[in-house]
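These notes concern the structure reproduced below.
The values are calculated or read from the model by the stated rules, or taken from the named source; none is laboratory data. A quick note: this is a predicted structure, and the numbers were derived from the prediction, not measured. Methodologically, a virtual Cβ is constructed for each residue, glycine included, from the backbone with ideal geometry; neighbour enumeration extends over all protein chains shown. Note: areas computed on protein heavy atoms with side chains; ligands, DNA, RNA excluded. Shrake-Rupley method; radii C 1.70, N 1.55, O 1.52, S 1.80 Å.
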Amino acid sequence: MDHSADAQRTDLMTITRFVLNEQSKYPESRGDFTILLSHIVLGCKFVCSAVNKAGLAKLIGLAGETNVQGEEQKKLDVLSNEVFCKALISSGRTSILVSEEDEDAIFVQPSLRGKYCVVFDPLDGSSNIDCGVSIGTIFGIYMMNDNHEPIIEDVLQPGKNMLAAGYCMYGSSCTFVITTGSGVNGFTLDPSLGEFILTHPDIKIPKKGKIYSVNEGNAKNWDGPTASYVEKCKFPTDGSPAKSLRYIGSMVADVHRTLLYGGTFLYPADKKSPNGKLRVLYEVFPMSFLMEQAGGQAFTGKERALDLVPTKLHERSPIFLGSYDDIEEIKALYAAEEGK
């Protein structure tokens, strides 16, 4: 047995150590955020374990109910939602929870209340469970404005007010990516230790990418600028090579690839879904926050995604996010369309 190699493993930067290091930069901090994050991480570990066992545990298949989005719920969706609700409430640091699976916001009982609001999609891309495609959990954290009784407006804030955002992807490995407003860091779960280890410090998206990611099955319903952009990706007129199309259909997996390799991820509005398909609070905002923190951009077709002010919990929006220069190109196409 190689004891010296084992000794090296205790020098790893775990997510707990990383967050505590960050906390030490703020002497006034009471550790509330650290506690909240440790509960989110625990929820992710639990869901990761359940996803890995899904086929064996007969968790796959429909739970028989339909959620507020009109999607048939998978058993793992139900389980993941319960796991995160319990983990977040028991942290004693949250006041309001908004989940993709629940029509109404959950207001935490006064004895367990804290100063944070958490918006989350407990299991994004869950229709892909049966075929083993990567799925994930997305979350965003807001702070309560003051000590008033929690109201729904506390979560209906623009994305630029988010304190932290991240996702956990359950795929060939379990990856946890987070920003607290000063860069993006990625951690990978070491199953032998049960710990998330820092494997992708300070992620920066390439300024320009060679990949575009979109559901081309909706092409006949697209607006002009989206159609023009995709056409340019496939048939560039400036002599540059054509871009590659990569589309998994699981937002976490598609955004993760875009973050690491560059390029664009688009889910535009179309004739079928004039407001787009992705939900603002727990899909568009967290991913846009991460993308900007990594040096990219996020745009709705009208404005910077993080400037959007939601009016409903499950509001939807078109989204174009990815490499800075590529999104500039899309913005120019929309500006030209508007100028006509």
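Overview of results
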quantity	calculated
Crossing angle, helix 75-90 versus the chain [Cα axis fit, 0-90 degrees, rounded to tens]	60 degrees
In Å², nearest 10: area of Tyr324 left accessible to a 1.4 Å probe	90 Å²
Most mobile listed residue (Val133, Val155, Val47) in the chain, GNM with C-alpha springs under 10 Å	Val133
Residue-level accessible surface for Thr199, protein heavy atoms, 1.4 Å, Å²	70 Å²
Distance violations [Cα-Cα > 31 Å] among Lys204/Lys302; Lys160/Lys210; Lys86/Lys207; Lys271/Lys312; Lys210/Lys302	Lys86/Lys207
Accessible surface of the chain, 1.4 Å probe, proportion on carbon and sulfur as whole %	53 percent
Solvent exposure ordering (accessible area, 1.4 Å, most first) of Glu315, Glu338	Glu338, Glu315
Accessible surface, the range 101-235, averaged per residue in Å² (probe 1.4 Å)	42 Å²
Accessible surface of Lys271 - all protein chains present, 1.4 Å probe, nearest 10 Å²	150 Å²
Helix 251-261 vs. the chain, principal-axis angle (Cα, 0 to 90°, nearest 10)	80 degrees
The range 148-208: chymotrypsin sites (Phe, Trp or Tyr not before Pro) falling in loop per DSSP and having at most 12 other Cβ within 10 Å	none
Ellipticity estimate at 222 nm from DSSP helix runs (n ≥ 4, -39,500 (n - 2.57)) divided over the chain, nearest 500	-9000 deg cm²/dmol
Cα gyration tensor shape of the range 261-340, rounded if a/c is under 1.5, else prolate or oblate by comparing a/b with b/c	oblate
Point-charge dipole on Cβ atoms (K/R +1, D/E -1) for the range 178-295, about Cα centre, debye to 20	460 debye
GNM top mover of Pro27, Pro206, Pro191 - the chain, alpha-carbon springs below 10 Å	Pro27
